[in-house]
Amino acid sequence: MTTLYDLKKMCQEMYPEKPPDMMLLLIVWATGKKRDELDNLLENSGLSLDEFIVTLMPFLDTPQPENDNLLTSCILAATDGPVYGVNLLHMLAEKPENRLHAVLVKAGLDISIFKRNIEAALAAKSGILTAHGIALKDHSGTLLQYGRDLTLLARQGEFDALCDRPVEIDRLLEVLLRKQKANPALTGPAGVGKTALVELFARYLVNTDNLPLPLKGTGLFEVSMGRLVAGTKYRGDFEERMTRIIEEVQKRKPSILFIDEMHLIWGAGRAEGVTTDAANILKPFLGRGALRLIGATTVQEFHRTITQDTALARRFQEIRLAEPDSGLTAEMVGSQAYELSRYHGVDIPDDIVHEAIRLTDRHLPGRFQPDKSVDLLDSACVNVVRNGKDRVTVDDLLHTLSRQTARPITSPSADLRHELRNLGAELRRRIVGQDEAIERVVATFVHRRFDLGPEEKNLGSFLFAGRTGVGKTELAKSIADVFFNGRHSLLVIDCAEYSQTGGINNLIGSPQGYVGSEKEGMFAEWVHMTGSGVILFDEISKAHPELHKLILGLLDTGRITSSKGERLDCRQCMIVLTTNALKTEDLQRENIGFARSASHPEITEILSDHFPMEMLARLDEHILFNPLSDGDMKRIILIRMEEAANRMKKQGITLVYDDNAASDFLIGFLKKNRTGARGVERLIEKKILQPVSRALLYHEGERGNEVVLGGDFYSSGTIEIH
């Protein structure tokens, strides 16, 4: 749209010797490169563009002071943004006493049509600029300056894709047809369709023939509190805007005002030391029925803000919108899928719609239908178009959902099947002497990973019992490393740190009102950041009984509730509890062995002496780990020795040693320490790596990139360096 700056620049190009007064500005507009815009403003006004030029030309060389005053007034009036050419014409049309105004009317200009064209242009200009946060004086009305006409949009077919919701519309009518306090407050979780219901109601007002008499001809206007507050630099600006909106709604009777995020009216426009805000301005009008208002917000925000002001809350009738049932959800998502299909130019089959609902219900429990399913379909369509395809498939949904959640959500493809088949072998390579335990863990995990288990269960829940150092914790860490792409997918909760009642607050957050309640607990933060992996409760027998109760819900439904009331979804996680609470006499009872006999009913009986039976019943497997033999310990030693050698190789040092000699040398120390495999790494560091480091430190030769542990090393500690 042509600005005053554009016109002045055109004046300098076309008439460099003349000062850019009001008359010259209009002449260059009518004769220059922007002439089509002025031609549109003169449409059907009785004066063509050529006639407009002919009328003005005689006055080009005759300065008119009143025109300069009019130009100055127009510039001073535009305090909220740049001056446009259409602003000059509007000022001219509003001044019948101006000589130029009279000359144009005498030439045949129909001033009423001309003003209507100007106001339409002003409305379009304001809509573009206010969308970018620039507030302008909109001569088409305050309501359109700070919001939108929903009934007009409904007539234009903007809301035709919305699915009908007769029950909710009927509840809206029940409140709106009241004589007093006809102000519904739509509350419910984000994404259940509160704003969409109001848009649907606008369509109802436009398309229904047998409207109730009080609603005939009613306009529905939405006002944005963000736009209303933006740009209010001085005390009183906000109150003036709010008052103008109320006055305009009353002039346009019958009209209904809609404020989305209605909790913003509480405190909006309030300044330090002044209690006046949007809520206090609205109260008198809402109470006596002088204004009908529909608000929408979440239940939490409604009770955090609106209900704190009793006088404001009693003027509203709360209507709670729950998540739609499965049938209505399918209809709503199906309607939106049709629009998405047209917009993206791809095919979305009906079975894909139902699959999107199923997947989002399972993997996005913290969000609500239909919003989450529509979002998934929209993003999947984008990916389909970018890949040059024309049809959305289940794999597209899974791939998109996996990107959104940062979790490995894929169909049981050939790659996944290969990965699951190799899972057991990779774990056996890392964990020595616990083959049967690994087999039982992998069996449950594969079953759940193929979605053959209950939907309200996680990927597996296990209690690992046995002596210290037999691989219980290491197995959990290895699963996270092998299948969940790294140790960052492992949450280790040392239960010894949660032996007191208050310790549980560190996991799920402090209750509201307590110090630190604004912070997330460690568990809640990990679920939000990762969402999929292994949750290890190490030494569960040392935890406070309150932590046992907390784990019950996690084992039962795969979910846990934070201190803020948020449901944390852990169904894409594996839950592992470890303990070495069983005594030697427990393990030596008749017929009670380790993993190979772990299905014996006495195992549960023994464990029930240490854990609540209700927790044991919720676990998928109770696995007793085998004690490690000397052969197992030697294998573990060699694995750790190889890891140490690889670390040295990265530093340019080759460690040469005999497997049998090294393992025999170290196994004796392990038997004395009785720490099991847990002490292997520290033992290698102390008996092998530290002597090697000292030898390298004092080595005087030129070369030192090969370290040899020969027979003399194990007897006298001599290290050869070449």
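The values are calculated or read from the model by the stated rules, or taken from the named source; none is laboratory data. Keep in mind the model is a prediction, meaning the values are calculated, not measured. Ideal geometry is used to build each Cβ from the backbone, glycine not excepted, and the neighbour counts take in all protein chains shown. Remember, those area values only see protein heavy atoms, side chains included, never the ligands or the DNA or RNA. Shrake-Rupley method; radii C 1.70, N 1.55, O 1.52, S 1.80 Å.
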Using per-residue counts of other Cβ atoms within 10 Å, averaged over each peptide, order 324-330, 388-394 from highest down.
324-330, 388-394
Computed E for residue 715/residue 639 - FRET, C-beta separation, R0 30 angstrom, nearest 0.05
0.75
Label-point gap, in nm, between residue 351 and residue 120 - each point 7 angstrom along Cα→Cβ
5.1 nm
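What ranking, highest mean first, results for peptides 30-41, 181-192 when packing means the other Cβ atoms within 10 Å averaged over each residue?
Packing order, densest peptide first, comes out as 181-192, 30-41.
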Counting only protein chains, not ligands or nucleic acids, how are 99, 449 ordered by accessible area (probe 1.4 Å), most first?
99, 449
Take the Cβ-Cβ distance between residue 685 and residue 614 as r, set R0 to 41 Å, and report the resulting FRET efficiency rounded to the nearest 0.05.
0.40
When we measure straight from the Cα of residue 251, which lysines land under 30 angstrom away, once same-chain ones fewer than 8 places off are left out?
95, 115, 125, 137, 179, 181, 194, 216, 233, 283
What is the spin-label model distance, in nm, from residue 422 to residue 195 if the labels are put 7 Å beyond Cα along the C-beta direction?
4.7 nm
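For the peptides 350-357, 152-159, 571-578, what is the packing order when you average, over each peptide's residues, the other Cβ atoms within 10 Å and list the highest mean first?
571-578, 350-357, 152-159
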Identify all aspartates and glutamates with a Cα-Cα distance to residue 457 below 19 Å; exclude those on the same chain that are fewer than 8 residues away in sequence.
361, 556, 566, 569, 614, 620, 621
Leaving ligands, DNA and RNA out of it, work out the accessible area of residue 522 with a 1.4 Å probe and give it in Å² to the nearest 10.
70 Å²
Set the Förster radius R0 to 45 Å, insert the Cβ-Cβ distance between residue 693 and residue 468 as r into 1/(1 + (r/R0)^6), and round the FRET efficiency to 0.05.
0.95
